[in-house]
1. Listed highest first by mean packing, meaning other Cβ atoms within 10 Å per residue, what order do 96-106, 31-41, 51-61 come in?
2. On alpha-carbon atoms, Rg over Rh for the chain using Kirkwood Rh?
3. Under 19 Å from a point 7 Å along the Cα-to-Cβ line of Ala64: which residues of region 1-39 have their amide N that close?
4. Give the calculated FRET efficiency between Leu108 and Ser55 to the nearest 0.05, with a Förster radius of 22 Å applied to their Cβ-Cβ distance.
5. Go ahead and estimate [θ] at 222 nm for the chain from helices alone: -39,500 (n - 2.57) per DSSP H run with n ≥ 4, summed, over the residue count, rounded to 500.
6. Just to be sure I understand the model, the point goes 7 Å from the Cα along the line to the Cβ. What's the resulting Tyr139 to Leu24 distance in nm?
7. Please arrange Glu7, Glu13, Glu129 by counting, for each residue, the other beta carbons lying within 10 Å of its beta carbon, fewest first.
8. Starting from the amide H of Gly73, placed 1.01 Å from N in the peptide plane, find each other amide H under 5 Å away whose residue is 5 or more places distant or on another chain.
Amino acid sequence: MLLGNVEVSRVVEFHGAFGTTDVLFPSVPGELWRRHESWLAPDFLNAETGEWLSSVQTWVLRSAGRTVLVDTGLGHGKAPEFGAPDEHGDDLLGRLAATGVRPDEVDLVINTHLHDDHVGWNTRFVDGEWVPTFPHAQYLISRADFDF
């Protein structure tokens, strides 16, 4: 998709159940989910199981010869804290390659916030150590998250 002179691509790493609403949103009463079931189900809520359905994706922006990634997903060899299935997508690099993105060509990574479903692929496990996935990229992280 083009937005002005920026090409935008969505690269999905995971789509499915993250966990049940009572675990993910413990302060939201079950009655509230039932009241909004008509528009939440089936795309965002499995009404029978109470599972919250969502996606983890990386947004690829290309413009003026630069490649920018917005959020980098769950990550290689990392167990997400929110309970997504193990098949959460160890193939993000393959999916990025399918859109023409090579890790060494990424110029900028924007992390919207520091949370494991947004920063996971910033590093990957290679030969017994964690290394930058996008070795030539500059990383942008909010000051509040960085300080925390």
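1. Result, highest mean Cβ count within 10 Å first: 51-61, 96-106, 31-41.
2. Over the Cα atoms of the chain, Rg/Rh equals 1.02.
3. Inside the label zone: 2-9.
4. The calculated FRET efficiency here is 0.50.
5. Roughly -3500 deg cm²/dmol at 222 nm, from the helical runs in the chain.
6. Label at Tyr139, label at Leu24, 2.6 nm between them.
7. So the residues, fewest neighbours to most, are Glu129, Glu7, Glu13.
8. For Gly73, the qualifying residues are His118, Val119, Gly120, Trp121.
Bear in mind these aren't lab numbers, they're just calculated from the coordinates by the rules spelled out. Source: prediction; values computed, not measured. Every residue, glycine among them, receives a Cβ derived from its backbone with ideal geometry; neighbour counts consider all protein chains shown.
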